[in-house]
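Here the structure is laid out as structure tokens; the discussion comes afterwards.
The values are calculated or read from the model by the stated rules, or taken from the named source; none is laboratory data. A quick note: this is a predicted structure, and the numbers were derived from the prediction, not measured. Every residue, glycine among them, receives a Cβ derived from its backbone with ideal geometry; neighbour counts consider all protein chains shown. Keep in mind that these areas ignore ligands, DNA and RNA; they rest on the heavy atoms of the full protein, side chains included. Shrake-Rupley method; radii C 1.70, N 1.55, O 1.52, S 1.80 Å.
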Amino acid sequence: MCGILAILNIRGTEVEVRAKAYELSRRIRHRGPDRSKIIVLEISPGLYHVISHERLGLVDLSDKGRQPFQLMDDENIIFMQNGELYDYWDLRPELEKRYRFSSNSDTEIVGMLYKEYGAGNFWNHLNGMFATVLIDMNKKSFQAGRDHIGIIPLYYGYDKEGSLFLSSELKGIHDQVMDVKQFPPGHYIDESYEIKRWYNPTWHNFDHIPTGQINLEELRDKFVEVVRREVQGDAPFGLFISGGVDSSIVAGIVAKLIKKGEIDLSKRGMRKVHSFCIGLEGSPDLHFAKKVAEFHGFEHHSFTYTVDEGLDYIPEVIYHTETFNNTTIRASTPMYMMCRRIKALGIKICLTGEGSDELFGGYLYFHKAPNRVEFHQELIRKLHDLHKYDLLRANKACLAWGIETRPPFMNKQWVEYVMQIDPKYKMINAFEPQMEKYILRKAFEDLEHPYVPQEILWRQKEQFSDGVGYSWRDGIIKRANQLITDQEFSQASIKYPVSTPRDKEQYWFRQIYTSYFPSESSVLTVPYARSIACSTEKALEWDEAFKKNTDESGRAVLAVHNDAIKELIQPDEDRSTEDISKVQEHFQL
């Protein structure tokens, strides 16, 4: 994971162009604190392409892995990438028959795949998470694109002279272009300046409702293989464990791969796997994450923070995440604080559980889905928008401290596999017990050799911004009410006519955001739709009560949420009296 910046078709002298690229690239250096490299290419007299790379060394830690690369067999092919390609080791043996490698970096195959399949076509052969820029000086052409679902961020815009600017983050170019936009996932742009779709799977079609049957063993085996691929690398790695089912499944797979000898910790300078969780004192995430880590024998780190400490961080969190969306800031702040602590331990890669809820309908509001068609169409909407929310949070909040996050649930082949399953099997009432993500949980239920402790495997969904502690959300709202007067808020539509804040929390976040990114186009990069418990706006139609209580916290779906809490505090042979009293105290029951 790194930071990339490109300016294509820029006029000036070579010295001027290089200086501009350096200054803009320096703004995103937190993404790649290890090394920097700039290449300036003259297209015609006084006209240049310039690409800059800020490196976070994860694969091939030597200088040979520095980017941008030039293809050894054709030095006129120059390219760079932010991200990881997971089938590198599978493709390398065949590519070695026709091309020379200068490193063990996964990025090096980008130029080879371009030569193999040609402009436009090679994107479909990149399997991973990426934002990529490639220049072909033989043709004076270029290609720039983004992965299938937007795991890696990319922004673009044009200045008045028609130069194209690209950056991993908004802050790199927002004041250099007339209008800045998020580059659409699954698309690429070339020298024609036309943005073209390269990823067009069946699941993008709203009218196609899949009818695939479920095979729990196959589902489990496919995801185990995804994790096996995505945990590869040369740098030390860790695990984010929230105590929810998704991150716990990833942790369980990693633990089994280590026992089987498929992950050699010593080659990565590790003695044990480090796992991490953060929350307010007594929060449910801390409680359950510790149980998962102890079950697998991980070196676990439970970080705590106070509401006041979290509130202090919010301005810099907004700067780094480049959003003013309520739920994103609520969840990004503890993640940002946690990554600061992780960086001190020397960990550079962490696997996460993002994306599972969007594939299986894991949010509590899915209990109200009226039928399989609307259930599936909501999944499509959620997946299309995920790069604006959770994927943005996981990437930017962590790379602010040079920590790469990898979300195995967003693997391209895995997404396509899960989205061909008939949605009737994903609906909450499909099986007993009625539980969101039932088929995923059941696939990883192994009573003899468990991946996940039973009480975690069947634990109900907690959104990250809730699971860290409910007083966190309440504390944000209280602080916003203290900072924003009624008089100020009454003028919200005048001060902010575009994406007008609907409450004082939004007003406060927007106020901070605009101080960093004042342009209207910067504002429009942030999602603004109404939501309940992380729903899309369309799903508000599922229940009349949803329309009256549009808060993005999971608590907004009160009936479902309260039933889960009641079940949580019932006596159980695996749950101690101390555990129950902690939960009761936390929820003020």
Ranked from the most accessible area to the least, with a 1.4 Å probe and all protein chains present, what is the order of ASP73, ASP207?
ASP207, ASP73
Probe 1.4 Å, all chains present, heavy atoms only: HIS301 accessible area in Å², nearest 10, is 40 Å²
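Tell me, what % of the accessible area of the stretch 70-113 is carbon and sulfur with a 1.4 angstrom probe? Write down the numbers at each step before the final one.
Numbers: 730 of 1690 Å².
The value for the stretch 70-113 is 43 percent carbon and sulfur by accessible area.
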Please report the relative contact order for the chain, taking Cα pairs under 8 Å with a sequence separation of at least 6, and give it as a percent rounded to a whole number.
13 percent
Quick check on the chain: helices-only [θ] at 222 nm, where DSSP H runs of length 4 and up contribute -39,500 (n - 2.57) each and the sum goes over total residues. Nearest 500, please.
-11000 deg cm²/dmol
For the stretch 312-386, dividing by residue count, accessible area per residue (probe 1.4 Å) in Å² works out to 25 Å²
Nonlocal amide H pairs with GLY186, under 5 Å, H built at 1.01 Å:
ARG146, ASP147, HIS148, ILE149, GLY150
Need one word for the stretch 1-141: rounded, prolate or oblate. Basis is the Cα gyration tensor (sqrt eigenvalues a ≥ b ≥ c); a/c below 1.5 gives rounded, then a/b vs b/c decides.
oblate
Here the net charge surrounding PRO93, from other residues whose Cβ is less than 15 Å away from its Cβ (Lys, Arg +1; Asp, Glu -1), is -3
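Could you provide, to the nearest whole Å², the per residue accessible area of the stretch 61-207 with probe 1.4 Å?
37 Å²
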Name the residue from HIS449, ASN411, MET435 whose Cα lies farthest towards the positive end of the charge dipole of the stretch 388-490, charges +1 on Cβ of Lys and Arg and -1 on Cβ of Asp and Glu.
ASN411
Simple Cβ-charge dipole of the chain, Lys/Arg +1 and Asp/Glu -1, about Cα centre, in debye nearest 20:
900 debye
Quick one: which residues, 5 or more positions from CYS350 or on another chain, have an amide H under 5 Å from its amide H? H modelled 1.01 Å from N in the peptide plane, none for Pro or chain starts.
GLY238, GLU404, THR405, ARG406
Find the centroid of the Cα atoms in the stretch 106-137 and in the stretch 64-94, then give the distance between the two in whole Å.
8 Å
Hey, any idea what % of the stretch 211-360's accessible area is carbon plus sulfur with a 1.4 Å probe?
46 percent
Once the dipole of the chain is set up with Lys and Arg at +1 and Asp and Glu at -1 on Cβ about the Cα centre, which of TYR199, SER44, PHE79 lies farthest towards its positive end?
SER44
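Among the helices of the chain (complete DSSP H runs), which have Cα atoms covering no less than 27 Å along the helix axis and a Kyte-Doolittle mean of at least -0.5?
Numbers: long enough: none.
Qualifying helices: none.
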Out of ALA492, MET112, TRP123, whose Cα points farthest toward the positive end of the dipole of the chain (charges: +1 Lys, Arg; -1 Asp, Glu; placed on Cβ)?
MET112
Give LYS348/LYS412; LYS181/LYS424; LYS382/LYS442 a once-over and call out the pairs whose C-alpha atoms are over 32 Å from each other.
LYS181/LYS424
Provide the per-residue ³J(HN,Hα) series for the stretch 200-210, in order, calculated from phi with Karplus coefficients 6.51, -1.76, 1.60 and θ = phi - 60°, each as a whole number of Hz, with x at glycine and proline positions.
9, x, 4, 5, 6, 7, 5, 7, 8, 9, x
For the stretch 183-292, with only Lys/Arg (+1) and Asp/Glu (-1) charged at the beta-carbon, what is the dipole magnitude about the Cα centre, in debye rounded to 20?
720 debye
Might you work out the accessible area of ASP357 for me, using a 1.4 Å probe with all protein chains in place, and round it to the nearest 10 Å²?
10 Å²
What share of the DSSP beta bridges in the chain is antiparallel, in percent to the nearest 5?
75 percent
